[in-house]
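Okay, structure first, notes after.
The values are calculated or read from the model by the stated rules, or taken from the named source; none is laboratory data. The model shown is predicted, which means the values in this text are computed figures rather than measured ones. Cβ placement follows ideal geometry from the backbone for every residue including glycine, while neighbour counts extend to all protein chains displayed. The accessibility values were calculated without ligands, DNA or RNA, using every heavy atom of the protein model including side chains. Shrake-Rupley method; radii C 1.70, N 1.55, O 1.52, S 1.80 Å.
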Amino acid sequence: MVDNQGNDIHIAIANLARGMHNSSLAGSDVDSVLESITAGAVEHVDGTMYAGILLVEKRKKKTQSVAASDPVVEKLDAIQMDVGEGPCLEAAWEHTTFRLDDFTTEKRFPKFVAEALAQTSVKSSLSFELYSNEQSMGALNLFSDQANAFSLAAEETGLVYATHAALALYRAKEKEHFTSALASRDVIGQAKGMIMERFSIDSLQAFELLRKLSQDSNTPIADIARQLVETDHPARDTSA
């Protein structure tokens with residue numbers, strides 16, 4: 001007998017992978033992929049009623065509730081950030097999969113579970129780390145209104161969706177860095193051209209001058225170049 005549900009899951013995951021392969025995953029592309037991932041988790045991970053992704057930038061104290069399948073996910077993310085504890089944060093910072101089976105009897109995260117029970121109907125959760133470093137972290141979070149909603153099989157399926165979410169975010173970040181590098185290269189080229197024309201020197205000498213300025217001022221070369229270009233071409237006053 002063929003397991004149709006299992007086949008459906010594999011087809012859904014294959015479609016996600018194909019979409020990621022065909023997409024540059026920049027801007028709205030990554031948003032669409034992440035929304036597909038959370039929607040797929042709700043449909044295919046047993047016990048899941050709501051899903052979302054929580055991103056945190058520690059240095060900027062900035063949080064994002066991404067691709068939430070329901071407003072309750074954003075509310076739960078906000079509660080965790082307000083009280084400074086919760087399963088999503090635990091999964092993201094502690095490099096683990098984290099499950100809360102029953103909020104009504106849970107002894108961990110007392111502030112979070114108290115607020116979650118007071119403000120939502122959610123009774124259990126399953127969270128997966130997507131990535132974590134000193135500056136930022138991310139977690140895929142699944143929730144249910146039923147206690148003990150998530151089995152070990154659900155964890156295994158959820159981990160597949162978490163892996164695809166992590167890959168999507170990694171590729172988006174990689175694209176962002178590549179775009180930033182191209183922009184820096186362009187502005188350095190403009191600054192070199194200005195220096196070459198002004199001082200009648202060649203490209204290597206112009207770059208060496210930029211490098212020396214960067215070293216002396218302890219400022220990245222791209223920032224030095226940007227300052228030179230902006231000084232030579234100040235922004236127009238459009239208020240007139």
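Would you check if LEU182 is open to solvent by 50 Å² or more (accessible area, probe 1.4 Å), outside any loop (DSSP other than H, G, I, E, B) and at pLDDT below 75? Yes; evaluated as a whole, the condition is true for this residue. Of everything listed in (1) surrounded by 19 or more Cβ atoms within 10 Å (Cβ to Cβ); (2) closer than 30 Å to LYS173 by Cβ, the single unmet condition for VAL113 is (2). When ASP102 is tested against the conditions (1) in a helix (DSSP H, G or I); (2) acidic (Asp, Glu); (3) at pLDDT 85 or above, the lone failure is (1). Scanning the stretch 120-154 for residues that are open to solvent by 10 Å² or more (accessible area, probe 1.4 Å), of a type in the set (Ser, Thr, Tyr), at pLDDT 90 or above and within 19 Å of GLU74 (Cα to Cα) yields THR120, SER121. Among the conditions (1) more than 22 Å from the chain's Cα centre (by Cα); (2) modelled with pLDDT of 80 or more, LEU204 misses just one, which is (2).
THR96 fails exactly one of the following numbered conditions: (1) over 18 Å from GLU129 (Cα atoms); (2) more than 15 Å from the chain's Cα centre (by Cα); (3) modelled with pLDDT under 80. What is the number of that condition? Among (1) over 18 Å from GLU129 (Cα atoms); (2) more than 15 Å from the chain's Cα centre (by Cα); (3) modelled with pLDDT under 80, THR96 violates only (1).
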